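**Q** Before I ask anything, here is the structure I am working with.
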Amino acid sequence: MEKNIVSPTKEVLKEKYLNTRNSTLTLCKYLKTEDYVAQPILDVSPPKWHLGHTTWFFEYFILMGYADNYKEYNPSFAYFFNSYYESLGNRVFRGDRGNMTRPSVEEIYQYRNVVDEAIIMLLDSIPFPSGELSKLITIGINHEQQHQELLLTDIKYILGHNPLYPPLFPQKQIPLSSGNGHKSVEEYLEVEEGLYEIGTSDTDYFSYDNERAKHKVYLHPFRFLNRLVTNGEYLAFIEDKGYQNFNFWLSEGWDWIKQSQIESPLYWHKIDNNWFYYTLTEGLTKIDKNSPVTHISFYEAEAYAKWKNKRLLTEQEWESACLLYTPNPSSNNNFMESQAFEPKPRESENSLQLFGDCWEWTNSAYLPYPYYQKEPGALGEYNGKFMINQMVLRGGSCATPLSHIRPTYRNFFQTEKRWQYTGIRLADYIS
């Protein structure tokens with residue numbers, strides 16, 4: 001965030017802070033104590049670690065520097081809850097987070113309460129927040145929103161690999177398919193060639209340093225699918241032995257599916273000749289063929305596009321198409337607030353699904369923009385040092401908070417990752 005960004009009032013900051021912190025607790029409402037500790041793979045962090053880490057972020061970056069007479073809750077917590085900040089000292093190996101039975105879940109909730117009270121007390125003690133304090137609290141809020149999505153996807157992995165396939169929520173929140181979903185015809189929208197502006201230099205709203213600065217790119221004419229690829233369409237790829245045909249796969253992708261014995265999206269199971277998948281709201285259930293396919297690696301997305309004689313959008317094409325056709329996310333999109341926690345069939349031809357439902361793999365490597373400048377200090381480790389060997393995703397998902405996303409937002413993961421809500425949109429050039 002730029003230093004000269006317009007600072008919100010302390011009342012607005014307090015409201016956003018409390019709403020964000022309470023939303024995190026709501027996501028954990030139905031967890032059992034044992035669920036908080038599990039870490040089945042390296043990518044997945046225990047839910048209690050997310051609760052502690054986001055709290056430590058506010059304590060270390062804000063309270064330790066701005067709250068007079070604040071006493072650190074527990075000096076040993078920094079070793080456990082520091083994620084990847086080399087400049088802030090030693091930390092526990094990521095794969096050992098699930099081995100830490102202490103601090104207890106109860107103590108972590110107490111820790112959250114203490115820090116929340118201290119943040120509110122800090123804001124109440126000043127007439128208005130300085131630009132730097134406002135910046136840090138805003139970053140902390142956005143940081144916690146990122147962890148809300150990670151909480152959901154990590155919990156899904158934990159429960160989705162339990163042989164009982166228990167749902168997280170006690171009953172279905174929102175029907176995934178109303179039966180009125182728009183027919184999945186294959187229609188494309190066009191974007192003319194020319195110069196387009198990408199990224200942001202706007203100081204009126206929050207952005208991460210990897211979204212800056214605004215710059216021009218030249219795009220050849222292209223067209224893109226006016227919706228996300230569905231489970232039913234991806235099932236056709238599977239049934240056509242797409243996973244057995246090396247011609248559709250990048251060399252690394254082909255090695256990956258062979259070594260890992262990948263034959264379908266994550267959470268898919270073939271039982272008695274029928275395909276099922278795991279969802280947080282229903283447990284193991286038959287796949288909805290009209291819903292967007294998700295939990296797909298970049299390798300799978302790219303192979304499917306080749307099978308269709310199409311390609312993936314670049315991130316510059318995605319952002320330009322988004323700004324042209326649907327520049328603003330809204331509550332009509334399927335975000336975390338809809339409580340579906342699964343991609344849904346689009347309801348009409350006007351729903352392009354560019355926001356929400358699932359993150360869209362692009363064919364763009366995660367690299368710095370022209371004029372990129374990383375944040376100073378420890379916060380400079382937030383994005384910049386990961387700009388290698390990863391691909392960009394755009395648009396947000398059904399686990400992303402609505403207020404967290406924007407057209408310029410750049411997500412990024414390694415090519416084989418599937419535990420996030422990741423999906424596919426097709427594109428091709430116009431001759």
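The values are calculated or read from the model by the stated rules, or taken from the named source; none is laboratory data. Just so it is clear, the structure is predicted and the values come from calculations on it, not from any experiment. Every residue, glycine as well, gets a Cβ built from its backbone with ideal geometry; the counts of neighbours run over all protein chains shown. Side chains included, ligands, DNA and RNA excluded: accessible areas come from the protein's heavy atoms. Shrake-Rupley method; radii C 1.70, N 1.55, O 1.52, S 1.80 Å.
**Q** Taking 1 over the mean of 1/r across every pair of different Cα atoms in the range 1-74, what Kirkwood radius in Å do you get? If you can, show how the numbers build up before the last one.
**A** Details: mean 1/r = 0.0669 Å⁻¹.
This gives a value of 14.9 Å.
**Q** Please list K135, K289 in order of solvent-accessible area, largest first, computed with a 1.4 Å probe with all protein chains present. Write down the numbers at each step before the final one.
**A** Working: K135 10, K289 120 Å².
Largest to smallest exposure gives the sequence K289, K135.
**Q** Counting only Cα atoms, I'd like the Rg/Rh figure for the range 219-316, Kirkwood definition for Rh. Don't skip to the answer; put the middle values down first.
**A** Values: Rg = 14.3 Å, Rh = 14.5 Å.
When Rh is taken as the Kirkwood radius, the ratio is 0.98.
**Q** Related question: Relative to the longest principal Cα axis of the chain, at what angle does helix 105-124 sit, 0 to 90 degrees, rounded to 10?
**A** That helix lies at roughly 70 degrees to the long axis.
**Q** Using the Karplus equation 6.51 cos²θ - 1.76 cosθ + 1.60 (θ = phi - 60°), what ³J(HN,Hα) coupling, rounded to whole Hz, does each residue of the range 18-33 give in order, writing x for Gly and Pro?
**A** Running phi through 6.51 cos²θ - 1.76 cosθ + 1.60 with θ = phi - 60° gives 5, 4, 5, 5, 5, 4, 4, 5, 4, 5, 8, 4, 9, 6, 8, 3 Hz.
**Q** Oh, and also: Counting each DSSP H run of 4 or more residues in the chain as -39500 (n - 2.57), what helix-only mean residue ellipticity at 222 nm follows after dividing by all residues, to the nearest 500 deg cm²/dmol?
**A** Working: 9 runs with 125 residues, N = 431.
Helices in the chain give a 222 nm mean residue ellipticity of -9500 deg cm²/dmol.
**Q** Still on this structure, please answer the following. Which sequence of T26, T326 reflects their accessible areas, 1.4 Å probe, from the largest down? Walk me through the intermediate numbers first.
**A** Numbers: T26 85, T326 40 Å².
Largest accessible area first, the residues go T26, T326.
**Q** Also, quick follow-up: Could you please tell me the mean projected area of the C-alpha convex hull for the range 275-431, averaged over all directions and given in square nanometres to one decimal? All intermediate terms of the calculation are to be shown ahead of the outcome.
**A** On the way: hull surface 43.8 nm².
Across all orientations, the range 275-431 yields a mean hull projection of 11.0 nm².
**Q** Applying 1/(1 + (r/R0)^6) with R0 = 60 Å to the Cβ-Cβ distance of V185 and Q110, what FRET efficiency is obtained, to the nearest 0.05?
**A** The formula returns an efficiency of 0.65 here.
**Q** Same structure again: Residue farthest toward the positive end of the dipole of the range 140-271, with Cβ of Lys/Arg at +1 and Asp/Glu at -1: which of I141, Y234, Y205?
**A** Positive-end residue among those listed: Y234.
**Q** Return the equivalent ellipsoid semi-axes of the range 14-116 as a descending list in whole Å, where each equals the square root of 5 times an eigenvalue of the C-alpha gyration tensor.
**A** Values: eigenvalues 92, 67, 27 Å².
Output for the range 14-116: semi-axes of 22, 18, 12 Å.
**Q** On a full-extension model of 0.36 nm per residue, what is the gain between N245 and Y79, subtracting their alpha-carbon distance, rounded to one decimal in nm?
**A** Working: separation 166, 0.36 × 166 = 59.76 nm, distance 4.67 nm.
Gain on stretching N245 to Y79: 55.1 nm.
**Q** Quick one, what does Rg over Rh come out to for the chain if you take C-alpha atoms and the Kirkwood Rh? Each step should come with its number before you reach the end.
**A** Values: Rg = 21.7 Å, Rh = 22.7 Å.
Across the chain, the Cα-based Rg/Rh ratio is 0.96.
**Q** Here is a further query. How much length, in nm to one decimal, is gained on full extension between D96 and N274, taken as 0.36 nm per residue of separation minus their Cα-Cα distance?
**A** Numbers: separation 178, 0.36 × 178 = 64.08 nm, distance 3.74 nm.
Here the segment from D96 to N274 would lengthen by 60.3 nm.
**Q** Additional query: How far is it, in nm, from the label point at E337 to the one at Y325 when both lie 7 Å from their Cα along the line to the Cβ?
**A** It is 2.4 nm.
**Q** Same structure, new question: Within the range 134-281, how many lysine pairs that are 8 or more places apart, or on different chains, have C-alpha atoms less than 21 Å apart?
**A** Values: K135/K214; K156/K172; K156/K270; K241/K258; K241/K270; K258/K270.
Qualifying lysine pairs in the range 134-281: 6.
**Q** Quantify, in whole percent, the carbon and sulfur part of the accessible surface of the range 263-375 (1.4 Å probe; protein heavy atoms only).
**A** Numbers: 1950 of 4550 Å².
So the carbon and sulfur contribution to the accessible surface is 43 percent.
**Q** Filter the trypsin sites (Lys or Arg not before Pro) in the range 184-277 down to the DSSP loop ones having no more than 15 other Cβ atoms within 10 Å, then list what survives. Can you show the working numbers first?
**A** On the way: sites: R212, K214, K216, R223, R227, K241, K258, K270; in loops: R212, K214, R227, K241.
Those satisfying the criteria are K214, K241.
**Q** A further question on this structure: Between the range 348-419 and the range 300-320, what's the alpha-carbon centroid distance in Å?
**A** 16 Å
**Q** How much FRET efficiency would the formula 1/(1 + (r/R0)^6) give for E86 and S431, where r is the Cβ-Cβ distance and R0 is 56 Å, rounded to 0.05?
**A** Values: r = 49 Å, r/R0 = 0.88.
E(calc), rounded to 0.05, equals 0.70.
**Q** Oh, and also: For the range 3-123, give the percent of accessible area contributed by carbon and sulfur heavy atoms, probe 1.4 Å, rounded to a whole number.
**A** Result for the range 3-123: 51 percent of the exposed heavy-atom area is carbon or sulfur.
**Q** Rounded to the nearest 10 degrees, what's the angle between the helix 315-325 long axis and the longest principal axis of the chain, both from Cα atoms, 0 to 90?
**A** Its long axis makes an angle of about 90 degrees.
**Q** As a test of reading the structure, rank T54, T415 by solvent-accessible area (1.4 Å probe, protein chains only), most first. Mind showing how you got there, number by number?
**A** On the way: T54 5, T415 30 Å².
The residues order as T415, T54, largest area first.
**Q** Relative contact order for the range 1-150: what percent, with Cα pairs under 8 Å and sequence separation of 6 or more?
**A** Numbers: 132 pairs, mean separation 61.2, N = 150.
Here the relative contact order equals 41 percent.
**Q** Please give the per residue accessible area of the chain, computed with a probe of 1.4 Å over protein heavy atoms only, in Å². Walk me through the intermediate numbers first.
**A** Numbers: 18990 Å² over 431 residues.
Value returned for the chain: 44 Å² of accessible area per residue.
**Q** Need one number: nm distance between label points at K32 and V12, each 7 Å from Cα along Cα→Cβ, rounded to one decimal.
**A** 4.5 nm
**Q** How would you classify the range 78-137 from its alpha-carbon gyration tensor, with a ≥ b ≥ c the square roots of the eigenvalues: rounded for a/c under 1.5, else prolate if a/b is greater than b/c, otherwise oblate?
**A** Details: a/c = 4.40, a/b = 1.65, b/c = 2.67.
Oblate.
**Q** Could you tell me how many degrees, from 0 to 90 and to the nearest 10, lie between the Cα long axis of helix 131-160 and the main elongation axis, the longest principal axis, of the Cα atoms of the chain?
**A** It works out to around 50 degrees.
**Q** Turning to a different aspect of this structure: Using a Cα-Cα cut-off of under 20 Å, which aspartates and glutamates could be cross-linked to K48, ignoring same-chain neighbours fewer than 8 residues away?
**A** The reachable aspartates and glutamates, counting only those whose Cα sits under 20 Å from K48, are E34, D35, E59, E72, D96, E106, E107, D116, E117, E144, E149, D154.
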